[in-house]
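Beneath this line is the structure, given in C-alpha coordinates, with notes to follow.
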Amino acid sequence: MKISSITLTPIQTHRRTGSISSHLILQVHTDEGLTGLGEISDLDCYRMYMPDVDAVKIGIERIALGRDPFAVQALHNEMAKYLHNYFLSAPSYPPFTPASQIAAGIDMACFDIMGKALDTPAHTFLGGKTRDAIEICYPLFQVKAEADYERNLGFIQTLLEQGISRFRYYVGVDFAKDEKFLAAVRDRFGDAVLLKALDFQAKHYWKDTLRAYERLEQFGFEVIESPSWREDFEGMAELRRRVEADVCEHCSSAAQAMAMVKAGAVDIFNITVNSGGLLQVKKLAALAELAGIRTLLGTTQELSIGTAAHAHLGASISELSVASDPVGPLLYAEDVVKDRIQIADNRIAVPTGPGLGVELDEDALERLRAPLVEWDRAAHGAGYVSE
(Lines give C-alpha, C1' and ligand atoms only; values in the text may rest on other atoms or scores of the structure.)
Protein backbone atom coordinates (compact mmCIF):
# COMPACT_ATOMS: atom_id res chain seq x y z
CA MET A 1 0.00 0.00 0.00
CA LYS A 2 1.24 3.49 -0.92
CA ILE A 3 0.02 7.03 -0.27
CA SER A 4 -1.28 8.25 -3.61
CA SER A 5 -2.78 11.73 -3.03
CA ILE A 6 -3.61 14.37 -0.42
CA THR A 7 -6.74 16.48 0.14
CA LEU A 8 -6.44 19.46 2.48
CA THR A 9 -9.55 21.47 3.38
CA PRO A 10 -9.54 24.70 5.45
CA ILE A 11 -12.60 25.16 7.68
CA GLN A 12 -13.93 27.38 10.47
CA THR A 13 -16.00 26.35 13.49
CA HIS A 14 -17.73 28.35 16.23
CA ARG A 15 -17.00 27.90 19.94
CA ARG A 16 -19.53 28.19 22.77
CA THR A 17 -17.76 31.42 23.73
CA GLY A 18 -18.71 33.02 20.41
CA SER A 19 -15.20 32.94 18.96
CA ILE A 20 -14.19 31.17 15.75
CA SER A 21 -11.43 28.60 15.28
CA SER A 22 -9.72 27.64 12.02
CA HIS A 23 -8.60 24.11 11.15
CA LEU A 24 -7.18 22.11 8.27
CA ILE A 25 -8.79 18.72 7.62
CA LEU A 26 -6.36 16.28 6.03
CA GLN A 27 -7.38 13.30 3.90
CA VAL A 28 -4.55 10.93 2.98
CA HIS A 29 -5.59 8.67 0.11
CA THR A 30 -3.94 5.36 -0.79
CA ASP A 31 -3.63 3.28 -3.96
CA GLU A 32 -5.79 0.59 -2.33
CA GLY A 33 -8.79 2.89 -1.87
CA LEU A 34 -8.40 3.61 1.85
CA THR A 35 -8.39 7.18 3.15
CA GLY A 36 -6.93 8.26 6.49
CA LEU A 37 -8.17 11.33 8.35
CA GLY A 38 -5.98 13.87 10.10
CA GLU A 39 -6.53 17.27 11.65
CA ILE A 40 -4.33 20.38 11.94
CA SER A 41 -6.28 22.04 14.70
CA ASP A 42 -7.28 25.46 16.00
CA LEU A 43 -4.80 27.50 13.99
CA ASP A 44 -5.83 31.01 15.06
CA CYS A 45 -3.05 31.10 17.65
CA TYR A 46 -0.76 31.53 14.63
CA ARG A 47 -2.66 34.59 13.33
CA MET A 48 0.47 36.55 12.35
CA TYR A 49 2.03 33.60 10.54
CA MET A 50 -0.90 31.46 9.51
CA PRO A 51 0.23 28.64 7.19
CA ASP A 52 -0.58 28.88 3.49
CA VAL A 53 -2.88 26.00 2.52
CA ASP A 54 -1.39 25.44 -0.94
CA ALA A 55 2.16 25.51 0.41
CA VAL A 56 1.28 23.04 3.19
CA LYS A 57 -0.32 20.68 0.67
CA ILE A 58 2.75 20.77 -1.58
CA GLY A 59 4.97 20.11 1.43
CA ILE A 60 2.91 17.15 2.63
CA GLU A 61 2.91 15.69 -0.89
CA ARG A 62 6.68 16.06 -1.08
CA ILE A 63 7.07 14.15 2.18
CA ALA A 64 4.32 11.55 1.92
CA LEU A 65 3.48 10.60 -1.67
CA GLY A 66 4.58 7.10 -2.59
CA ARG A 67 5.30 6.13 1.01
CA ASP A 68 3.98 3.19 3.01
CA PRO A 69 1.51 4.52 5.63
CA PHE A 70 2.45 1.61 7.93
CA ALA A 71 6.06 2.85 8.10
CA VAL A 72 5.22 5.73 10.43
CA GLN A 73 8.68 6.05 12.02
CA ALA A 74 10.32 6.23 8.59
CA LEU A 75 7.82 8.93 7.67
CA HIS A 76 8.74 10.90 10.80
CA ASN A 77 12.42 10.55 9.88
CA GLU A 78 11.61 12.15 6.53
CA MET A 79 9.43 14.86 8.08
CA ALA A 80 12.29 15.84 10.39
CA LYS A 81 14.29 16.95 7.35
CA TYR A 82 11.67 19.57 6.48
CA LEU A 83 9.78 20.29 9.73
CA HIS A 84 12.62 21.37 11.97
CA ASN A 85 12.45 21.05 15.75
CA TYR A 86 8.92 19.73 15.86
CA PHE A 87 9.77 17.02 18.38
CA LEU A 88 13.41 16.72 19.39
CA SER A 89 13.56 20.35 20.51
CA ALA A 90 10.56 22.67 20.72
CA PRO A 91 9.12 25.45 22.92
CA SER A 92 7.06 24.58 25.99
CA TYR A 93 4.33 27.17 25.53
CA PRO A 94 2.42 26.83 23.36
CA PRO A 95 3.32 23.13 23.21
CA PHE A 96 3.04 22.95 19.44
CA THR A 97 4.09 24.83 16.32
CA PRO A 98 2.78 24.83 12.76
CA ALA A 99 5.45 22.22 11.98
CA SER A 100 4.47 19.92 14.84
CA GLN A 101 0.77 20.26 13.99
CA ILE A 102 1.39 19.34 10.35
CA ALA A 103 3.44 16.32 11.46
CA ALA A 104 0.62 15.33 13.82
CA GLY A 105 -1.98 15.53 11.06
CA ILE A 106 0.05 13.24 8.79
CA ASP A 107 0.81 10.84 11.65
CA MET A 108 -2.82 10.44 12.79
CA ALA A 109 -3.96 9.90 9.19
CA CYS A 110 -1.47 7.03 8.88
CA PHE A 111 -2.75 5.42 12.07
CA ASP A 112 -6.28 5.81 10.70
CA ILE A 113 -5.25 4.03 7.49
CA MET A 114 -3.52 1.21 9.38
CA GLY A 115 -6.57 0.59 11.52
CA LYS A 116 -8.92 0.62 8.55
CA ALA A 117 -6.66 -1.74 6.61
CA LEU A 118 -6.63 -4.29 9.45
CA ASP A 119 -10.11 -3.51 10.84
CA THR A 120 -8.79 -2.60 14.29
CA PRO A 121 -8.69 0.56 16.43
CA ALA A 122 -5.63 2.81 16.25
CA HIS A 123 -4.64 2.12 19.86
CA THR A 124 -3.77 -1.44 18.77
CA PHE A 125 -0.60 -0.03 17.20
CA LEU A 126 0.31 1.96 20.33
CA GLY A 127 0.50 -1.01 22.68
CA GLY A 128 -3.18 -1.81 23.02
CA LYS A 129 -5.98 -0.52 25.21
CA THR A 130 -5.61 -0.14 28.98
CA ARG A 131 -8.89 1.74 29.56
CA ASP A 132 -12.23 2.25 27.82
CA ALA A 133 -12.60 5.96 28.62
CA ILE A 134 -10.48 9.02 29.45
CA GLU A 135 -11.30 11.36 32.34
CA ILE A 136 -11.61 14.97 31.11
CA CYS A 137 -12.19 18.53 32.29
CA TYR A 138 -13.70 21.57 30.57
CA PRO A 139 -11.85 24.91 30.10
CA LEU A 140 -13.19 28.13 31.62
CA PHE A 141 -11.64 31.21 30.08
CA GLN A 142 -10.55 34.10 32.24
CA VAL A 143 -12.80 36.85 33.47
CA LYS A 144 -11.85 40.12 31.76
CA ALA A 145 -15.02 42.22 31.93
CA GLU A 146 -17.98 42.56 34.26
CA ALA A 147 -20.30 40.63 31.94
CA ASP A 148 -17.96 37.65 32.02
CA TYR A 149 -18.94 36.62 35.55
CA GLU A 150 -22.48 35.63 34.65
CA ARG A 151 -21.36 34.46 31.23
CA ASN A 152 -18.97 31.89 32.73
CA LEU A 153 -21.37 30.91 35.51
CA GLY A 154 -23.99 30.27 32.84
CA PHE A 155 -21.58 28.00 30.95
CA ILE A 156 -21.00 26.05 34.17
CA GLN A 157 -24.73 25.65 34.82
CA THR A 158 -25.36 24.36 31.31
CA LEU A 159 -22.47 21.92 31.49
CA LEU A 160 -23.51 20.62 34.90
CA GLU A 161 -26.90 19.84 33.41
CA GLN A 162 -25.07 17.86 30.70
CA GLY A 163 -23.11 15.84 33.27
CA ILE A 164 -19.84 17.80 32.98
CA SER A 165 -18.68 18.91 36.44
CA ARG A 166 -14.87 19.06 36.26
CA PHE A 167 -13.21 22.30 35.08
CA ARG A 168 -9.90 24.09 34.74
CA TYR A 169 -9.74 27.87 34.86
CA TYR A 170 -7.36 30.25 33.11
CA VAL A 171 -6.09 32.87 35.56
CA GLY A 172 -3.80 35.85 35.54
CA VAL A 173 -5.32 38.70 33.57
CA ASP A 174 -6.55 40.16 36.86
CA PHE A 175 -6.15 38.10 40.04
CA ALA A 176 -8.76 40.19 41.86
CA LYS A 177 -11.33 39.28 39.19
CA ASP A 178 -10.19 35.65 39.38
CA GLU A 179 -10.75 35.61 43.13
CA LYS A 180 -14.20 37.19 42.78
CA PHE A 181 -15.19 34.71 40.07
CA LEU A 182 -14.00 31.61 41.94
CA ALA A 183 -15.81 32.82 45.05
CA ALA A 184 -18.98 33.13 42.96
CA VAL A 185 -18.47 29.58 41.62
CA ARG A 186 -18.23 28.17 45.13
CA ASP A 187 -21.15 30.27 46.40
CA ARG A 188 -23.45 29.18 43.56
CA PHE A 189 -22.38 25.58 42.96
CA GLY A 190 -20.43 24.51 46.05
CA ASP A 191 -18.68 21.17 45.72
CA ALA A 192 -20.74 20.24 42.65
CA VAL A 193 -17.96 21.91 40.64
CA LEU A 194 -14.67 20.01 40.64
CA LEU A 195 -11.84 22.43 39.96
CA LYS A 196 -8.94 20.46 38.52
CA ALA A 197 -6.47 23.22 37.76
CA LEU A 198 -5.58 26.87 37.60
CA ASP A 199 -3.74 27.57 34.35
CA PHE A 200 -1.28 30.49 34.55
CA GLN A 201 -0.36 30.17 30.83
CA ALA A 202 3.36 30.79 31.46
CA LYS A 203 2.69 34.53 31.80
CA HIS A 204 4.00 35.06 35.34
CA TYR A 205 7.23 34.72 37.30
CA TRP A 206 7.02 31.83 39.74
CA LYS A 207 7.08 34.14 42.79
CA ASP A 208 4.01 35.98 41.46
CA THR A 209 2.33 32.62 40.89
CA LEU A 210 3.12 31.66 44.48
CA ARG A 211 1.43 34.82 45.77
CA ALA A 212 -1.60 34.11 43.59
CA TYR A 213 -1.68 30.50 44.78
CA GLU A 214 -1.78 31.64 48.40
CA ARG A 215 -4.66 33.96 47.52
CA LEU A 216 -6.68 31.39 45.56
CA GLU A 217 -5.98 28.06 47.25
CA GLN A 218 -9.07 28.54 49.44
CA PHE A 219 -11.23 27.58 46.44
CA GLY A 220 -9.80 24.07 46.15
CA PHE A 221 -7.91 22.82 43.11
CA GLU A 222 -5.49 19.98 42.39
CA VAL A 223 -3.01 21.36 39.87
CA ILE A 224 -1.08 24.53 38.99
CA GLU A 225 -0.35 24.59 35.27
CA SER A 226 2.34 26.54 33.37
CA PRO A 227 3.27 28.41 36.57
CA SER A 228 6.34 30.34 35.39
CA TRP A 229 7.88 31.87 32.31
CA ARG A 230 8.72 29.39 29.59
CA GLU A 231 11.72 27.18 30.27
CA ASP A 232 12.06 28.49 33.86
CA PHE A 233 12.39 24.97 35.18
CA GLU A 234 14.43 26.05 38.21
CA GLY A 235 11.63 28.44 39.21
CA MET A 236 9.04 25.70 38.76
CA ALA A 237 11.09 23.38 40.95
CA GLU A 238 11.25 26.02 43.69
CA LEU A 239 7.50 26.63 43.44
CA ARG A 240 6.89 22.88 43.60
CA ARG A 241 8.72 22.74 46.93
CA ARG A 242 6.45 25.42 48.39
CA VAL A 243 2.92 24.40 47.37
CA GLU A 244 0.56 21.52 48.08
CA ALA A 245 -0.91 21.42 44.58
CA ASP A 246 0.79 19.42 41.83
CA VAL A 247 2.83 21.40 39.31
CA CYS A 248 2.16 20.67 35.64
CA GLU A 249 3.82 21.92 32.47
CA HIS A 250 3.44 21.27 28.77
CA CYS A 251 6.05 18.84 27.49
CA SER A 252 6.42 19.10 23.74
CA SER A 253 9.89 17.73 22.98
CA ALA A 254 12.48 15.22 24.08
CA ALA A 255 14.96 17.94 25.08
CA GLN A 256 12.38 19.70 27.20
CA ALA A 257 11.29 16.48 28.89
CA MET A 258 14.86 15.69 29.89
CA ALA A 259 15.42 19.22 31.22
CA MET A 260 12.28 19.09 33.38
CA VAL A 261 13.20 15.68 34.76
CA LYS A 262 16.72 16.88 35.59
CA ALA A 263 15.44 20.02 37.34
CA GLY A 264 12.71 18.22 39.29
CA ALA A 265 10.40 20.89 37.91
CA VAL A 266 7.04 19.13 37.66
CA ASP A 267 4.77 16.43 38.98
CA ILE A 268 2.87 16.11 35.70
CA PHE A 269 3.72 16.23 32.01
CA ASN A 270 0.99 17.78 29.86
CA ILE A 271 1.43 16.03 26.50
CA THR A 272 -0.56 16.52 23.31
CA VAL A 273 -0.77 14.73 19.98
CA ASN A 274 -0.26 18.18 18.39
CA SER A 275 3.39 18.08 19.45
CA GLY A 276 4.22 15.76 16.56
CA GLY A 277 1.77 12.90 16.39
CA LEU A 278 0.77 9.72 18.17
CA LEU A 279 4.02 7.84 17.61
CA GLN A 280 6.29 10.63 18.79
CA VAL A 281 4.23 11.75 21.78
CA LYS A 282 3.88 8.16 23.04
CA LYS A 283 7.65 8.39 23.58
CA LEU A 284 7.14 11.31 25.97
CA ALA A 285 4.59 9.26 27.90
CA ALA A 286 7.09 6.42 28.17
CA LEU A 287 9.81 8.79 29.38
CA ALA A 288 7.44 10.21 32.01
CA GLU A 289 6.57 6.70 33.21
CA LEU A 290 10.24 5.79 33.61
CA ALA A 291 10.97 9.05 35.45
CA GLY A 292 8.05 8.65 37.86
CA ILE A 293 6.19 11.64 36.44
CA ARG A 294 2.44 11.46 35.83
CA THR A 295 0.82 12.51 32.56
CA LEU A 296 -2.32 14.16 31.30
CA LEU A 297 -3.41 14.81 27.73
CA GLY A 298 -3.36 18.46 26.72
CA THR A 299 -5.07 20.13 23.79
CA THR A 300 -5.49 23.11 21.56
CA GLN A 301 -9.15 21.97 21.38
CA GLU A 302 -9.54 19.68 18.41
CA LEU A 303 -12.60 18.54 16.51
CA SER A 304 -13.65 14.89 16.71
CA ILE A 305 -10.81 13.67 14.47
CA GLY A 306 -8.07 15.09 16.66
CA THR A 307 -9.98 14.28 19.86
CA ALA A 308 -10.26 10.66 18.73
CA ALA A 309 -6.49 10.58 18.23
CA HIS A 310 -6.03 11.81 21.80
CA ALA A 311 -8.46 9.17 23.08
CA HIS A 312 -6.49 6.38 21.40
CA LEU A 313 -3.24 7.75 22.83
CA GLY A 314 -4.80 7.97 26.29
CA ALA A 315 -6.17 4.44 26.02
CA SER A 316 -2.65 3.11 25.43
CA ILE A 317 -0.81 4.96 28.22
CA SER A 318 -0.10 2.73 31.22
CA GLU A 319 -1.13 5.36 33.77
CA LEU A 320 -3.30 8.42 33.14
CA SER A 321 -4.13 9.50 36.68
CA VAL A 322 -4.92 13.19 36.01
CA ALA A 323 -7.99 14.36 34.10
CA SER A 324 -7.17 15.45 30.54
CA ASP A 325 -8.15 18.48 28.48
CA PRO A 326 -9.39 17.54 24.95
CA VAL A 327 -13.09 18.45 24.89
CA GLY A 328 -13.39 20.10 21.49
CA PRO A 329 -16.54 18.16 20.50
CA LEU A 330 -18.25 19.79 23.51
CA LEU A 331 -16.70 23.19 22.91
CA TYR A 332 -17.53 23.55 19.19
CA ALA A 333 -20.98 24.07 17.73
CA GLU A 334 -19.99 22.28 14.49
CA ASP A 335 -17.91 19.24 13.56
CA VAL A 336 -16.84 17.41 10.40
CA VAL A 337 -17.76 13.83 11.34
CA LYS A 338 -21.06 12.01 11.08
CA ASP A 339 -21.08 11.07 14.76
CA ARG A 340 -19.05 13.10 17.24
CA ILE A 341 -16.80 11.31 19.67
CA GLN A 342 -18.80 10.66 22.83
CA ILE A 343 -18.17 12.79 25.93
CA ALA A 344 -20.38 12.26 29.00
CA ASP A 345 -20.03 12.23 32.79
CA ASN A 346 -16.55 13.79 32.63
CA ARG A 347 -15.26 11.05 30.32
CA ILE A 348 -14.37 10.55 26.65
CA ALA A 349 -15.31 7.10 25.38
CA VAL A 350 -12.43 5.55 23.41
CA PRO A 351 -13.73 4.87 19.88
CA THR A 352 -14.11 1.19 19.04
CA GLY A 353 -14.27 1.41 15.25
CA PRO A 354 -11.33 0.80 12.91
CA GLY A 355 -8.56 3.40 12.79
CA LEU A 356 -9.46 6.56 14.65
CA GLY A 357 -13.07 5.36 14.73
CA VAL A 358 -14.70 8.45 13.20
CA GLU A 359 -16.29 8.94 9.76
CA LEU A 360 -15.96 12.14 7.75
CA ASP A 361 -19.18 13.99 6.86
CA GLU A 362 -18.44 15.36 3.40
CA ASP A 363 -21.47 17.67 3.45
CA ALA A 364 -20.43 19.20 6.77
CA LEU A 365 -16.87 19.60 5.51
CA GLU A 366 -18.13 21.59 2.54
CA ARG A 367 -20.48 23.73 4.66
CA LEU A 368 -17.63 24.67 7.00
CA ARG A 369 -15.08 25.37 4.27
CA ALA A 370 -13.62 28.87 4.82
CA PRO A 371 -10.35 30.80 4.62
CA LEU A 372 -7.91 30.11 7.43
CA VAL A 373 -7.79 33.75 8.41
CA GLU A 374 -10.09 36.73 8.06
CA TRP A 375 -8.55 39.83 9.55
CA ASP A 376 -11.84 41.54 10.35
CA ARG A 377 -12.82 38.96 12.98
CA ALA A 378 -11.29 38.65 16.42
CA ALA A 379 -8.76 35.94 17.16
CA HIS A 380 -9.83 33.84 20.10
CA GLY A 381 -6.57 33.96 22.05
CA ALA A 382 -7.14 31.27 24.67
CA GLY A 383 -10.46 30.49 23.04
CA TYR A 384 -12.13 33.54 24.47
CA VAL A 385 -13.84 36.64 23.12
CA SER A 386 -15.00 39.25 25.63
CA GLU A 387 -18.10 41.25 24.86
Identify all lysines with a Cα-Cα distance to Lys283 below 24 Å; exclude those on the same chain that are fewer than 8 residues away in sequence.
-> Lys81, Lys116, Lys129, Lys262
Rounded to the nearest 20 Debye, what is the dipole magnitude of region 115-211 about its Cα centre when Lys and Arg each give +1 and Asp and Glu each give -1 at the C-beta?
-> 280 debye
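For Cα pairs less than 8 Å apart in space and 6+ apart in sequence, what is the mean separation divided by the residue count of region 18-175, i.e. the relative contact order in percent? Don't jump to the answer; show the numbers that get you there.
Values: 150 pairs, mean separation 34.3, N = 158.
Worked out over region 18-175, it gives 22 percent.
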Amide H proximity to Leu194 below 5 Å, modelled H, separation 5+ or other chain, gives Arg166, Phe167
For region 105-157, the charge dipole (Cβ of Lys, Arg +1; Cβ of Asp, Glu -1; about the Cα centre) points to a positive end, and the Cα of Leu118, Gly154, Ile136 closest to that extreme belongs to Leu118
What's the angle, to the nearest 10 degrees (0 to 90), between helix 72-82's Cα axis and the longest principal axis of the chain?
-> 80 degrees
Residue-span extension gain [Asp345 to Leu118] - 0.36 nm each, minus C-alpha spacing = 78.6 nm
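Counting only other residues whose beta carbon sits under 15 Å from that of Phe70, what net charge do I get with K and R as +1, D and E as -1? Present the calculation step by step, with values, prior to reporting the outcome.
Numbers: positive: Lys2, Arg67, Lys116; negative: Asp31, Glu32, Asp68, Glu78, Asp107, Asp112, Asp119.
Residues close to Phe70 contribute a combined charge of -4.
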Note, ³J(HN,Hα) from phi for region 211-226, Karplus 6.51, -1.76, 1.60, rounded to Hz, x at Gly and Pro | 5, 5, 4, 5, 6, 9, 4, 4, 8, x, 8, 9, 9, 10, 10, 6
Accessible surface of region 223-369, 1.4 Å probe, proportion on carbon and sulfur as whole % = 47 percent
Which whole-angstrom value gives the distance between the alpha carbon centres of region 140-202 and region 38-90?
-> 36 Å
Taking a probe of 1.4 angstrom, what is the accessible area of Ser253 in Å², to the nearest 10?
-> 0 Å²
Nonlocal amide H pairs with Ile136, under 5 Å, H built at 1.01 Å = Ser324, Arg347, Ile348
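Fully extended, how many nm does the chain gain between Lys129 and Glu362 (0.36 nm per residue separation, minus their Cα-Cα distance)?
Numbers: separation 233, 0.36 × 233 = 83.88 nm, distance 2.97 nm.
Net length gain for the segment: 80.9 nm.
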Once the Cβ-Cβ distance between Asp208 and Arg369 is put in as r, and R0 is 51 Å, what FRET efficiency do you end up with, to the nearest 0.05?
-> 0.70
Output for region 58-166: GluC sites (Glu not before Pro) sitting in coil per DSSP, at most 15 other Cβ within 10 Å, listed by number, reads Glu146
Just grab the label-to-label distance for Ala192 and Asp68, each label 7 Å out from Cα along the Cβ direction, in nm (one decimal).
-> 5.6 nm
Whole-Hz ³J(HN,Hα) from phi, Karplus 6.51 cos²θ - 1.76 cosθ + 1.60, for region 6-19, glycine and proline x = 10, 10, 10, 10, x, 9, 10, 10, 9, 8, 4, 6, x, 7
Can you tell me the FRET efficiency between Arg230 and Leu160 if r is taken as the Cβ-Cβ distance and R0 is 30 Å, rounded to the nearest 0.05?
-> 0.30
With mean projected area of the Cα convex hull in nm² defined as stated, name the option among [x] 17.2; [y] 18.7; [z] 37.4 computed from the structure displayed.
-> [x]
Hey, what angle do you get for helix 147-161 against the long axis of the chain, alpha-carbon based, 0 to 90 degrees rounded to 10?
-> 60 degrees
As a Kirkwood estimate from alpha-carbon pairs, region 19-129 has a hydrodynamic radius in angstrom of 14.8 Å
If you place +1 on the Cβ of every Lys and Arg, -1 on the Cβ of every Asp and Glu, and leave all else neutral, what size is the dipole of region 169-245 about its Cα centre, to the nearest 20 Debye?
-> 140 debye
Give me the net charge of Gly220's neighbourhood, meaning all other residues with Cβ under 9 Å from the Cβ of Gly220; Lys, Arg count +1, Asp, Glu -1.
-> -2
Any idea what the relative contact order of the chain is, in percent, if you count C-alpha pairs under 8 Å spaced at least 6 apart?
-> 24 percent
Nearest 20 debye, what's the magnitude of the dipole of the chain about its Cα centre given +1 on Lys and Arg Cβ and -1 on Asp and Glu Cβ?
-> 600 debye
Could you point to the residue in Thr300, Gln218, Leu284 farthest towards the positive end of region 145-302's charge dipole, with +1 and -1 charges on the Cβ of Lys/Arg and Asp/Glu respectively?
-> Leu284
Crossing angle, helix 254-263 versus the chain [Cα axis fit, 0-90 degrees, rounded to tens] = 30 degrees
Go through region 290-306 residue by residue and turn each phi into a ³J(HN,Hα) via Karplus (6.51, -1.76, 1.60, θ = phi - 60°); whole Hz please, and just put x for glycine and proline.
-> 5, 8, x, 9, 7, 10, 9, 8, x, 6, 10, 6, 9, 6, 5, 5, x
Values of log10 I(q)/I(0), in the order q = 0.23 Å⁻¹, for region 154-243 under a Debye, Cα-only, solvent-free model = -1.12
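The values are calculated or read from the model by the stated rules, or taken from the named source; none is laboratory data. Treat the numbers as computed from the prediction; the structure is a model and nothing was measured. Counting neighbours? That spans all protein chains shown, and the Cβs are built from the backbone with ideal geometry, glycine included. All accessible areas refer to the heavy atoms of the entire protein, side chains included, with ligands and DNA or RNA removed. Shrake-Rupley method; radii C 1.70, N 1.55, O 1.52, S 1.80 Å.
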